[in-house]
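Data first, discussion second: the structure below is written as structure tokens.
The values are calculated or read from the model by the stated rules, or taken from the named source; none is laboratory data. Not measured: the values here are computed from a predicted model. When we count neighbours, we look across all protein chains shown, and the Cβ atoms used for this are built from the backbone with ideal geometry, even at glycine. Side chains are part of the model used for accessible areas, which takes the heavy atoms of the whole protein and leaves out ligands, DNA and RNA. Shrake-Rupley method; radii C 1.70, N 1.55, O 1.52, S 1.80 Å.
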Amino acid sequence: MGAPGGAWYTARCRLDPHHARYRAYALTAEAQSPAIDDGLRLQLLIDAVTDYAIYMLDPAGFIVSWNSGAQKLKGYRPAEIIGQHFSKFFMPEDQAAGRPAKALREAEAKGHFEAEGWRVRKDGSRFWANAVVEPIRDGQGRLIGFAKVTRDITERMAAQEALRESERRFRLLVEGVVDYAIYMLDPAGIITNWNAGAERMKGYRPDEIIGQHFSRFYGKEDRAAGLPARVLETARREGRYEAEAWRFRKDGSRFWASVTLDAIRDESGELLGFAKITRDITERRAAQEALRESERQLRLLVRGVTDYALYMLDPNGVVTSWNAGGERLKGYMADEIVGQHFSRFYTEHERSAGLPARALRIAAAEGRFEAEGWRVRKDGSLFWANVIVDPIFDDDGSLVGFAKITRDITERREAQLALQAAQAQRAQTQKMEALGQLTGGVAHDFNNLLMIVSGHVHTLKKLVADDQKGVRAAEAIELAARRGESLTRQLLSFSRRQMLTPVVAGVGERLEAVRPLIASSIGAQVRLAAVVPPELWPVRVDLAEFELALINLALNARDAMPEGGMITLSAENATLQPADTRLGLKGDFVAITVADTGSGIAPDLLPRVFDPFFTTKPPDKGTGLGLSQVHGFVHQSGGTLGIESELGKGTRVTLYLPRAKAGIEERAAEPAADADTGGTVLLVEDNPDVAEASAVLLEQLGYEVHRAGDAETALREVEARELDLVVSDIVMAGAMDGLGLARAIRQRHPTLPVLLVTGYSNAVASAETEFTVLRKPYELAELGRAAAKLVAEAQPPTNLVHLRDAKRVGQAKPERS
């Protein structure tokens with residue numbers, strides 16, 4: 001081992017914290033400088049690594065140093081194990097097979113030994129270990145001992161199935177060590193040494209190649225182009241050269257090589273030569289397509305290492321070391337940040353809250369601190385960081401500082417937020433679809449029932465005209481039917497299945513028209529103000545649904561101000577960008593805002609206010625469908641809405657309706673409900689009760705009514721009779737529905753008008769572009785106007801009397817005098 005003071009003894013003294021000379025050295029260093037010198041810092045860093053057992057052996061395999069990771073891993077305190085032979089950690093069968101001695105021999109012979117196997121702790125338990133042994137030589141090349149690193153990889157073995165791919169790559173890496181040609185060049189590129197891997201790979205024995213220029217491994221074209229010289233110059237200038245290219249063996253064959261050239265300099269910076277590592281990756285290149293995914297993962301792993309800022313703090317949080325990852329991640333050069341407090345990476349708010357000091361306290365008390373949060377770069381920009389702080393203690397248990405790891409995970413956080421938003425949007429879409437299917441299924445049958453009620457109520461009112469009690473009962477029935485119709489329409493609006501009749505209209509004109517109705521609806525305690533500029537763009541909306549949406553918003557605002565207040569109705573032109581709204585809409589819109597000074601909405605309730613049947617009002621004060629109608633109408637119109645509210649300060653709801661490109665439409669005057677009507681109507685309805693109610697209404701309008709229960713019967717009736725109008729339900733049983741019937745009639749009798757009616761149908765959208773559609777339940781006046789308009793439009797512009805009209809006049813009975 002040499003006399004005290006020799007290279008081995010000095011290394012042991014400096015690296016073994018339990019050696020008396022180490023303590024003397026540490027005290028001397030501390031007396032000479034208040035800062036911890038590099039040797040001590042290295043020892044402390046090694047001792048702080050708790051996942052690895054790092055210790056030294058003398059040439060015979062006896063333990064001469066022991067770090068805290070070794071104590072944690074194997075259970076021995078330094079005093080128990082230093083001086084013992086390292087074979088103690090091997091299984092009995094390994095000891096019998098001479099594997100400890102073989103490991104030392106192979107490490108000494110090959111310069112490296114690495115293996116995996118069972119190892120034994122002090123308590124007799126065993127663990128699966130990855131062990132590396134490296135020889136340590138003095139300046140004259142004499143062996144003075146071994147450095148040994150052991151890691152517990154039992155968990156990796158237990159999770160073998162989950163980590164199969166990772167283990168495969170690891171095995172490839174370990175097995176590939178023999179594929180490396182490792183040799184050195186002098187500053188001129190002359191080979192000065194040659195390892196066995198180089199001999200196996202390139203075919204030259206050491207005595208054949210040492211003293212030759214490394215350019216002989218290049219092709220003629222590369223040598224002619226001066227590539228070997230450029231490689232040396234690049235490594236000399238940048239410290240490193242790395243490339244992949246064709247290289248040649250002694251026998252003239254070529255292989256695809258991964259080449260790394262590192263410049264080697266002495267302490268003064270003078271170039272001593274180059275370390276060159278070459279690997280044959282011909283097979284990997286040939287199989288590149290098959291291994292693309294594996295290579296991608298490997299590249300991500302390699303690149304990911306540079307995403308970590310690793311640095312040390314003193315016990316007060318002052319930065320004492322700084323790595324390249326910290327420079328890249330946070331923007332500070334080492335000389336700019338070493339000596340500064342790490343709190344400068346925190347935001348002003350977090351510094352004021354004492355979070356940096358809290359992180360150090362938790363790390364010191366609990367042995368670790370981990371968190372995520374915003375951190376600040378040198379240029380003031382923010383990034384979302386994952387932060388780990390580990391305390392570093394010396395042999396006496398005194399805190400000497402902290403190891404800090406920071407990683408930029410901004411993209412991962414943004415991806416998580418985007419995923420959460422997408423999942424929320426998907427859930428909302430699924431909810432809307434489910435509600436739409438339910439509403440659509442119920443709406444048709446429910447509106448048919450309401451059609452029966454509202455259709456017969458007119459007859460009932462005539463029958464009880466002289467009975468006040470009966471009149472009130474009929475009016476109550478009529479009101480209930482209207483409320484049922486309103487509920488169905490609101491549900492259809494929310495689920496975006498309402499039948500809309502959009503027209504291009506001026507927003508200012510419609511707001512002014514609905515203003516008196518809103519004022520009368522909100523009562524005298526609430527004031528109404530309107531701020532509507534004249535230059536608003538036109539929009540294309542269903543006017544009835546638009547006015548209903550404004551009234552619903554006004555009524556909700558009124559209910560939020562039981563003691564009175566003010567509702568402000570305003571509008572403005574707005575050009576939206578994708579970031580302005582949750583749906584990411586872009587383009588020109590008209591923003592209509594209804595604002596109140598009421599009690600506001602609690603933040604936890606705000607996301608739910610547009611859900612159907614959700615209401616904060618008492619059970620007898622609302623259905624919870626008003627805002628649902630607003631939500632569905634706006635989105636079905638191609639827009640969106642926003643809501644802002646603050647408790648005690650009021651609420652603002654803004655409707656964004658897309659700008660219409662066409663001009664404002666002039667609406668033609670509709671015929672009066674009591675216009676002169678009459679004629680022959682074919683009523684096509686497969687529900688007998690609905691047919692009876694509809695026939696009663698048509699007869700009250702003066703029409704002679706014939707009925708058909710399906711489309712096939714209706715077509716026969718059209719051929720057999722002189723008709724003025726066909727009124728058909730859209731949804732009917734059989735091979736042909738009402739829309740198909742209307743198209744067939746138009747093809748055979750182009751001048752015969754068809755009025756389609758429906759409680760609800762998915763076919764309405766296409767039907768409305770071709771025919772007039774009337775929604776069930778409809779009033780007598782609505783039916784009269786629609787029928788009269790269609791009959792009038794079908795009349796030819798002539799003074800001639802139709803033959804059937806002449807017959808009708810001739811068959812009419814004369815009035816009695």
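Summary of values
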item: Filtered residue count, the range 380-418, keeping only those that are in a strand (DSSP E or B) and either over 21 Å from Arg344 (Cβ atoms) or open to solvent by less than 60 Å² (accessible area, probe 1.4 Å) (or both); result: 20
item: Residue within the range 557-570 that is exposed (fewer than 15 other Cβ atoms within 10 Å of the Cβ), without any contact (Cβ under 8 Å) to a residue 60 or more places away in the chain and either touching a Phe, Trp or Tyr at 6+ places or on another chain (Cβ under 6 Å) or not small (Gly, Ala, Ser) (or both) present; result: yes
item: Single residue of the range 740-762 satisfying the filter (open to solvent by 80 Å² or more (accessible area, probe 1.4 Å) and not basic (Lys, Arg)) that is farthest from Gly679 (Cα to Cα); result: Asn762
item: Enumeration of residues in the range 99-114 that are assigned to a loop (DSSP other than H, G, I, E, B) and either touching a helix residue (DSSP H, G or I) at 6+ places or on another chain (Cβ under 9 Å) or modelled with pLDDT of 95 or more (or both); result: His112
item: Test: residue in the range 231-247 that is assigned to a strand (DSSP E or B) and buried (at least 16 other Cβ atoms within 10 Å of the Cβ); result: yes
item: Filter result (among the polar types (S, T, N, Q) and open to solvent by 40 Å² or more (accessible area, probe 1.4 Å)) within the range 200-230; result: Gln212
item: Scan of the range 65-95 for residues that are of a type in the set (A, V, I, L, M) and closer than 18 Å to Ser125 by Cβ, ordered by number; result: Ala70, Leu73, Ile81, Met91
item: Thr406 being of a type in the set (Ser, Thr, Tyr) and under 26 Å from Leu44 (Cβ atoms); result: yes
item: The range 779-796, subset part of a helix (DSSP H, G or I) and among the charged types (D, E, K, R), residue surrounded by the most Cβ atoms within 10 Å (Cβ to Cβ); result: Arg785
item: Matching residues in the range 66-94 - criterion: being surrounded by 15 or more Cβ atoms within 10 Å (Cβ to Cβ), assigned to a helix (DSSP H, G or I) and of a type outside the set (Lys, Arg); result: Ser68, Gly69, Ala70, Gln71, Leu73, Pro78, Ile81, Phe86, Ser87, Phe89, Asp94
item: Test result for Ala579, exposed (fewer than 13 other Cβ atoms within 10 Å of the Cβ) and within 17 Å of Glu644 (Cα to Cα); result: yes
item: Extreme residue, most open to solvent (accessible area, probe 1.4 Å), among residues of the range 363-372 that are touching a residue at least 24 places away in the same chain (Cβ under 8 Å) and within 19 Å of Arg407 (Cβ to Cβ); result: Glu372
item: Selection count, the range 692-739, where residues are part of a helix (DSSP H, G or I), in contact with a Ser or Thr (Cβ under 6 Å, 6 or more places away or on another chain) and open to solvent by less than 10 Å² (accessible area, probe 1.4 Å); result: 1
item: Search result, residues across the range 135-156 that are under 14 Å from Gly61 (Cα atoms) and either within 48 Å of the chain's Cα centre (by Cα) or open to solvent by 20 Å² or more (accessible area, probe 1.4 Å) (or both); result: Pro135, Ile136, Leu143, Ile144, Ala147, Lys148, Val149
item: Yes/no for Arg377 being surrounded by fewer than 17 Cβ atoms within 10 Å (Cβ to Cβ) and within 32 Å of the chain's Cα centre (by Cα); result: yes
item: Among the candidates Met499, Met451, residue that is modelled with pLDDT of 65 or more and surrounded by 18 or more Cβ atoms within 10 Å (Cβ to Cβ); result: Met451
item: Residue tally, condition part of a helix (DSSP H, G or I), open to solvent by less than 40 Å² (accessible area, probe 1.4 Å) and touching an Asp or Glu at 6+ places or on another chain (Cβ under 9 Å), over the range 331-361; result: 3
item: Yes/no for Thr581 being closer than 14 Å to Val653 by Cβ, polar (S, T, N, Q) and within 36 Å of the chain's Cα centre (by Cα); result: yes
item: Criterion: basic (Lys, Arg) and free of Cβ contacts under 8 Å to residues at least 24 places away in the same chain - qualifying residue of Arg77, Arg119; result: Arg77
